[in-house]
Amino acid sequence: MIAKRIVILGGGVGGIVTANELRRRLPRDHHIVLVEKNAEHATTARQLSFDYLVLALGAELASELIPGLREGAFSFYTFEETQRLQGALDKSNGGNIALVVSALPYKCPGAPHEAALLVADYFRKRGLKDVSVHLYTPEPQPMPVAGPQLGEAVKQMLSSKGITFHPLHKLVSVDAQHQTLAFDGKDPVRYDLLIAIPPHRGPRIVREAGLTNEAGWVPVDRFTLMTKHEHVYAIGDITAIGIPGRWKPDVPMMLPKAGVFAHVQAEIVAHRIADEINGIVPATEFSGAGYCMLEAGEGLAGFAYGDFFAEPSPRLELRDVGRAWHLGKVLFEQWWLSPFGLRKQVLHFALTLGAKILKIPVNV
Ligand SMILES: Cc1cc2nc3c(=O)[nH]c(=O)nc-3n(C[C@H](O)[C@H](O)[C@H](O)COP(=O)(O)OP(=O)(O)OC[C@H]3O[C@@H](n4cnc5c(N)ncnc54)[C@H](O)[C@@H]3O)c2cc1C
């Protein structure tokens, strides 16, 4: 047997799952190399040859694309930014809170609505009365990819918490000094605290390698996840995967950028590569199915399941907001992000939850 080298670029959700799946499916003779730029993982600048390549580099955040955004806005799209935002919220006396989706596409279609609901919940808990939370987005409705029914349900969730939803607002610039937002074709908006989802773009490496489409994302076969180059796959946020129906006049709708898809795609790609190396014709394909739990604040969450490859347009199912979905999401995240394994995390979760219910102050 000739040993193969599989190189995975990016050690986020997609990259780590791919590496783990491959290690499980392939004999030890084959080399699996995971390259990650963050300090927690190995990072070196050198040339690597490969038999198979998996691009799992995610999306780059590019605040600098909108003048004044970096200076004027807080965000929650990296750990450090989330810590800064927490500090700003704690110091805030309320007023006009503007949450802005600064450009499309962005990862996690539910994130801005969840953030608005959680921020409103945060101020309510602090007992501040003079607070108005506004959500601005260039989209015509919440999560247009999920269809009008889900959009309407999210709009109702927002308005039930007193959050004003402003569709079709394309951010042009931020005047940090005068705390003012400029939107394309709209009146300027004053804010007291600005929380923005920064513009996203495909990573520089793949743009410069000529692997991207005009929008800067990597097109792949939507079932096999292979790029235009044989043995080169792309998964997760870096990809451009068209979905049926719900087309703008000339722009196809894209599969949302979400960890749930990165995870499944990683498993599919690992399966296909391992099969090929093991001499089996790969048959596993990505189905376009995924789900999302939408945090609603007050310990509640909603649940949506979607079949995004369904014809003539994606098929979505909704479940009512409830505590079980919130607890399910917390548990799932504990398992998903855990480096120590499910059992330890379940134990941790059960202890924390039990301690909360019994009002026991513990540090587990
Ligand atoms: C606030 C927030 C909430 C979210 N909530 C949900 C949710 O509830 N459900 C859900 O499904 N998804 C959610 N997501 C989206 C989810 O996190 C992403 O879709 C998922 O992480 C994408 O996985 P990925 O592997 O494609 O990219 P990432 O997980 O972003 O991994 C990419 C990795 O590549 C590395 N990298 C980049 N460039 C280089 C380089 N040049 N060299 C080496 N390494 C490099 C990065 O450091 C990173 O570790 C959320 C995202 C955010 C920001």
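The values are calculated or read from the model by the stated rules, or taken from the named source; none is laboratory data. Computed from a predicted structure; not experimentally measured. Reconstructed Cβ throughout: ideal geometry from the backbone, glycine too, with neighbour counts over all protein chains shown. Each accessible area value is taken on the protein alone, full model and side chains, heavy atoms only, with ligands, DNA and RNA left out. Shrake-Rupley method; radii C 1.70, N 1.55, O 1.52, S 1.80 Å.
Looking only at residues in segment 311-336 that are more than 30 Å from residue 52 (Cα to Cα) and in contact (Cβ under 8 Å) with a residue 60 or more places away in the chain, the one that is least open to solvent (accessible area, probe 1.4 Å) is 314.
Each row is one residue, and each column tells you yes or no for (1) within 29 Å of residue 311 (Cα to Cα); (2) touching a Gly at 6+ places or on another chain (Cβ under 8 Å).
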residue	(1), (2)
163	no, no
167	yes, no
187	no, no
194	no, yes
216	yes, yes
224	yes, no
228	yes, no
234	yes, no
258	yes, yes
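Residue 303 meets each of the listed conditions (1) free of Cβ contacts under 8 Å to residues at least 40 places away in the same chain; (2) more than 16 Å from the ligand (Cβ to nearest atom) apart from (2).
Within segment 60-83, the residues that satisfy the criterion of being among the charged types (D, E, K, R), surrounded by fewer than 16 Cβ atoms within 10 Å (Cβ to Cβ) and away from the ligand (no atom under 14 Å from the Cβ) are 64, 71. Scanning segment 58-113 for residues that are part of a loop (DSSP other than H, G, I, E, B) and among the hydrophobic types (A, V, I, L, M, F, W, C) yields 59, 62, 66, 73, 76, 103, 104, 108.
Would you confirm, using the coordinates I've provided, whether residue 274 is open to solvent by less than 70 Å² (accessible area, probe 1.4 Å), at pLDDT below 65 and in a helix (DSSP H, G or I)? Judged against the criteria, residue 274 is not a match. Determine whether residue 54 is within 15 Å of the ligand (Cβ to nearest atom), open to solvent by less than 10 Å² (accessible area, probe 1.4 Å), touching a residue at least 24 places away in the same chain (Cβ under 8 Å) and not in a helix (DSSP H, G or I). Yes, satisfied. Residue pairs whose Cβ atoms lie under 6 Å apart, separated by 6 or more positions or on different chains, with the first residue in segment 33-48 and assigned to a loop (DSSP other than H, G, I, E, B) and the second at pLDDT 90 or above and more than 8 Å from the ligand (Cβ to nearest atom), are 48/7.
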